[in-house]
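Accompanying notes for the structure given below.
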Amino acid sequence: MTKPIIREAIRSDCPRMLELIHELAIFEKAPDEVTVSLSEFEDAGFGKSPVWGAFVAEVEGEIVGISLYYTRYSTWKGRRLYLEDLIVTENMRGSGIGKLLFDKTLAYGKQCGYHGMVWQVLDWNEPAIKFYEKYKADFDAGWLNVSITY
């Protein structure tokens with residue numbers, strides 16, 4: 001395998017990034033939950049007021065992984081990076097690409113002066129949990145996810 005290239009995402013990456021997001025939704029047993037359109041996705045990342053940033057992993061010119069993040073504000077901790085998705089396409093998992101993307105995102109947060117990074121992981125996703133445990137990540141017990149859809 002050619003060494004992966006980790007770089008900032010650009011607008012033209014969005015269609016492939018959205019494919020990986022759909023792949024993740026299938027893995028997480030929620031294939032119908034991805035309802036964002038390509039135009040909304042592109043605008044949210046590269047429009048007038050972007051709300052997310054991302055790094056992509058390329059192998060031989062193909063995007064095989066993404067790390068999508070945005071700023072979260074904690075009244076207790078200050079600005080923190082929120083890792084929305086860390087995705088590596090199924091046939092590339094276990095090759096170290098997730099680590100490269102995660103490390104790049106951590107470094108970006110430190111460089112920008114954030115006070116940490118937070119994210120979610122499904123309680124049944126053992127490979128992901130084991131991955132994050134290698135970083136000595138803290139897993140919060142007692143918190144429930146809450147949302148409202150408009």
task = Run the 1.4 Å probe and let me know the accessible area of W119, rounded to the nearest 10 Å².
result = 60 Å²
Length-normalised contact order of the chain in % [C-alpha pairs under 8 Å, at least 6 apart] = 19 percent
task = Only residues of segment 1-24 count here: report those whose backbone N is under 17 Å from the spot 7 Å along Cα→Cβ of A128, or say none.
result = 18-24
message = Cut-off under 18 Å on the C-alpha distance; same-chain residues fewer than 8 positions from K136 excluded. Which lysines are left, in chain and number order?
response = K99, K104, K110
message = Give me the one-decimal nm value for the distance between modelled label points at D140 and E8, 7 Å along each residue's Cα-to-Cβ direction.
response = 2.9 nm
ask   = Given (1) 11.7; (2) 10.0; (3) 8.8, which label gives mean projected area of the Cα convex hull in nm² as computed from the coordinates?
value = (2)
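The values are calculated or read from the model by the stated rules, or taken from the named source; none is laboratory data. Treat the numbers as computed from the prediction; the structure is a model and nothing was measured. Heads up, the Cβs are rebuilt from the backbone with ideal geometry, glycines too, and the neighbour counts pull from every protein chain shown. Please note that ligands, DNA and RNA were not included when accessible areas were found on the heavy atoms of the full protein model with its side chains. Shrake-Rupley method; radii C 1.70, N 1.55, O 1.52, S 1.80 Å.
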